[in-house]
1. How many of the residues in region 12-36 are assigned to a loop (DSSP other than H, G, I, E, B) and either surrounded by 14 or more Cβ atoms within 10 Å (Cβ to Cβ) or modelled with pLDDT of 95 or more (or both)?
2. Let me confirm something: among 110, 159, which residue is of a type in the set (Lys, Arg), at pLDDT 80 or above and out of contact with any His (no Cβ under 9 Å at 6 or more places or on another chain)?
3. Can you name the residue in region 116-149 that is surrounded by 17 or more Cβ atoms within 10 Å (Cβ to Cβ) and touching a Pro at 6+ places or on another chain (Cβ under 9 Å) and, of all such residues, is nearest to residue 173 (Cα to Cα)?
4. Could you go through region 179-194 and let me know if any residue there is part of a loop (DSSP other than H, G, I, E, B), surrounded by fewer than 19 Cβ atoms within 10 Å (Cβ to Cβ), aromatic (Phe, Trp, Tyr) and at pLDDT below 90.
5. Here are some residues: 39, 48, 9, 44. Which one is at pLDDT 80 or above and over 22 Å from the mean Cα position of the chain (by Cα)?
Amino acid sequence: MLTKAELKNYTVIKGYILIKSGLHIGGNKDSMQIGGIDNPVIKNPITNLPYIPGSSLKGKMRFLLEHYYGLVENGEIPDVRKTGNNSGWEKNLVAVMFGHMEKESTYPTRVIFRDGNLVGAIEPNQPETEASINFDIEALKRKMNADFVEAKTEVGIDRLSGTANRHGPRTIERVPAGTVFDFEVSLRLYKEEDESIFLPILKKGLQLLENDALGGSGSRGSGRIKFLNLKLDGKDLNLKDAE
């Protein structure tokens, strides 16, 4: 059962996500087309524009934090329900922050990731700042002759011969580099010390995400991102000092 948790306040980080290399977060494919897109990106069905699900941000950040803090043992995260030993679990602040139901007494998740909506783009050779964002989505769509998507064709390479394998190419859809999404994450504060404990972990997660990749095909160049103009409760937030 849940312990009695008195919600005291929220602290909110807002900013933008700049796509540094094509981003692929998969969506649904309604129909099969010969020579068409094999893996489309997720899109808002009303606007037909791509967006970044909050679940993608939360899942990848939790994965990175659990490995960064050495919480993975023998390829898995220990389940205290099997051992009956809660001493190690108390030290797993990542699990406490992201939410868990692994013990009788627990708190709900402390972090709320919002979906990132497309707001515009920074064109080539422009500074990577908020002032450089072109928010005229319709004009940008006309310029690229697309709804903020690109088609990328990939082929499998035989590791012995170094040539394309017999399965042929596949085409995936990506959000092009330069696209900008809004970003917001809220940290719930149940105790006075929550901000000092969990905010550094959240900042480290954002830093790790910049150094890794978001979405699919990250090891093949996709999904590099950069956070822009981050503000914590309206004040500038610097990730360089993340612990």
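The values are calculated or read from the model by the stated rules, or taken from the named source; none is laboratory data. As the structure is a prediction and not an experimental result, all values here were calculated from the model. Quick reminder, even Gly has a Cβ in these numbers, built from the backbone with ideal geometry, and neighbours come from all protein chains shown.
1. Narrowing region 12-36 to residues assigned to a loop (DSSP other than H, G, I, E, B): 20-22, 24-25, 27-36.
Filter once more, keeping what is either surrounded by 14 or more Cβ atoms within 10 Å (Cβ to Cβ) or modelled with pLDDT of 95 or more (or both): 20-22, 24-25, 27.
Matching residues across region 12-36 total 6.
2. 110
3. In this case the residue turns out to be 149.
4. First, the residues of region 179-194 that are part of a loop (DSSP other than H, G, I, E, B): 190-193.
Now restrict to residues that are surrounded by fewer than 19 Cβ atoms within 10 Å (Cβ to Cβ): 190-193.
Checking the rest, the ones that are also aromatic (Phe, Trp, Tyr) come to 190.
With the extra rule that they be at pLDDT below 90, the set shrinks to 190.
There is at least one residue in region 179-194 that is part of a loop (DSSP other than H, G, I, E, B), surrounded by fewer than 19 Cβ atoms within 10 Å (Cβ to Cβ), aromatic (Phe, Trp, Tyr) and at pLDDT below 90.
5. Exactly one of 39, 48, 9, 44 is at pLDDT 80 or above and over 22 Å from the mean Cα position of the chain (by Cα), namely 9.
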